[in-house]
Amino acid sequence: MASSRDAVVLTVDGHEVRVSNPEKPYFAERGIRKIDVVEYFVAVGEGILFALRDRPTTLERWPGGVFEGARLSTRVDNTGDAFYQKRVPKNAPEWVPTAHITFPSGRTADEIAPDSVAVVAWCANLGTLTFHPWPVDKTDVESPNQIRIDLDPQPGTDFADAVWVAPHVRELLHELGMEGWPKTSGGRGVHVYVPIQPRWTFTDVRRAVIAFGRELERRLPDRVTMSWWKEERGEKIFIDYNQMARDRTIASAYSIRPKPHAPVSAPLDWDELPDVHPTDFTVLTMPERFRAVGDRHAGLAGHAFGIEPLLELAERQASDQGLGDLPYPPDYPKMPGEPMRVQPSRARRPASANE
């Protein structure tokens, strides 16, 4: 490691990665500096590279670190302290590979598609805390090779409720001849990853996840909801099926979440899940765990399931119960077969004389 007053140069995977302003506070409450963030990603490099390798990846950049009042820019308000970067930065070294992807709008972009820990470290120097990889490989960006089941606690529920639902997710996967690998979201949720054969479109895979969620909701009506509209969800775990829509991503394993205690998204074994809490896994604790147990998601590499049972389930739900598609995210163009995209309470509201 070479250093100067203003920068540190790390050699990672044969590449030199310059870390500017290494002493800059990133999580001041924990004493975590920018250099600590970069070195964290190097320490868990094998794991995060497995999660990101060759996947088009959106960067969630916090160049000023995480501090009280810091907020993320949105489509509506771009004045935040942090932002999402979908296109590869213009100053990227030639050894940073990309993947060409198409957004729902039809616009295209070249996104970073990491192939080395050096690329991850270079992104971390830009202030990237959270990596958002697509569920595809850059060799075929139209065919997802992962299902990502997002157990999202709604107001009145928490991580313990998502953990309660998770074994039921696994049980249903087993009935369908599939297996999943869980992780903490880094927040209150639980994510379950299922490796699949890259033979289907985003529309097909999203439809499969909707079918899965509906069956889970049927079995656990008091604990699980598939309602897209927040006003109808209640105090339940929402299966966020739109995470499988094109250009919708989940924070990768080992990503850092922008919260004061610097939590990270932690891959787990199923038998660990009931005994952990998201705050157990941070920038400071994960490297030691990784050295001790390795990557709990490594087993994903040995499987690729077919989704035919889920598509057959979707067909039965349509024919027996009349269940069709569900709403897409609000920024999507109107999709074929999609129901009316309007909040139920607004749809029921009678028009006034002035409308």
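When A314, A304 are checked against the criterion of being over 19 Å from L52 (Cβ atoms) and either hydrophobic (A, V, I, L, M, F, W, C) or open to solvent by 30 Å² or more (accessible area, probe 1.4 Å) (or both), A314 stands alone in meeting it. If you go through segment 76-126 and pick out every residue that is open to solvent by less than 30 Å² (accessible area, probe 1.4 Å), under 18 Å from the mean Cα position of the chain (by Cα) and not hydrophobic (A, V, I, L, M, F, W, C), you end up with 2. Residue count for segment 235-257 under the criterion of being open to solvent by 10 Å² or more (accessible area, probe 1.4 Å) and either among the hydrophobic types (A, V, I, L, M, F, W, C) or within 30 Å of P333 (Cβ to Cβ) (or both): the result is 7.
If you check F290 against the conditions, is it out of contact with any Gly (no Cβ under 7 Å at 6 or more places or on another chain) and either open to solvent by less than 50 Å² (accessible area, probe 1.4 Å) or at pLDDT 95 or above (or both)? Please lay out each step first, then the result.
Working: out of contact with any Gly (no Cβ under 7 Å at 6 or more places or on another chain): no; either open to solvent by less than 50 Å² (accessible area, probe 1.4 Å) or at pLDDT 95 or above (or both): yes.
Against the criterion (out of contact with any Gly (no Cβ under 7 Å at 6 or more places or on another chain) and either open to solvent by less than 50 Å² (accessible area, probe 1.4 Å) or at pLDDT 95 or above (or both)), F290 does not qualify.
Residues that are among the aromatic types (F, W, Y) and surrounded by fewer than 20 Cβ atoms within 10 Å (Cβ to Cβ) within segment 167-192 are absent altogether. Summed over segment 20-50, residues that are over 18 Å from E288 (Cβ atoms) and open to solvent by 20 Å² or more (accessible area, probe 1.4 Å) total 9. Is one or more of the residues making up segment 129-145 over 27 Å from G302 (Cα atoms), assigned by the TED database to the domain that holds P25, within 19 Å of the chain's Cα centre (by Cα) and at pLDDT 95 or above? Looking for residues that are over 27 Å from G302 (Cα atoms), assigned by the TED database to the domain that holds P25, within 19 Å of the chain's Cα centre (by Cα) and at pLDDT 95 or above, one finds at least one in segment 129-145, hence yes. Applying the criterion of being in contact (Cβ under 8 Å) with a residue 60 or more places away in the chain and among the small types (G, A, S) to the residues of segment 1-50, the residue that is farthest from P258 (Cα to Cα) is G14.
The values are calculated or read from the model by the stated rules, or taken from the named source; none is laboratory data. Values in this document were obtained by computation on a predicted structure and should not be read as measured data. Here the Cβ is made from the backbone with ideal geometry for all residues, glycine too, and neighbour counts use every protein chain on show. The area values use the complete protein model at the heavy-atom level, side chains included, leaving out ligands, DNA and RNA. Shrake-Rupley method; radii C 1.70, N 1.55, O 1.52, S 1.80 Å.
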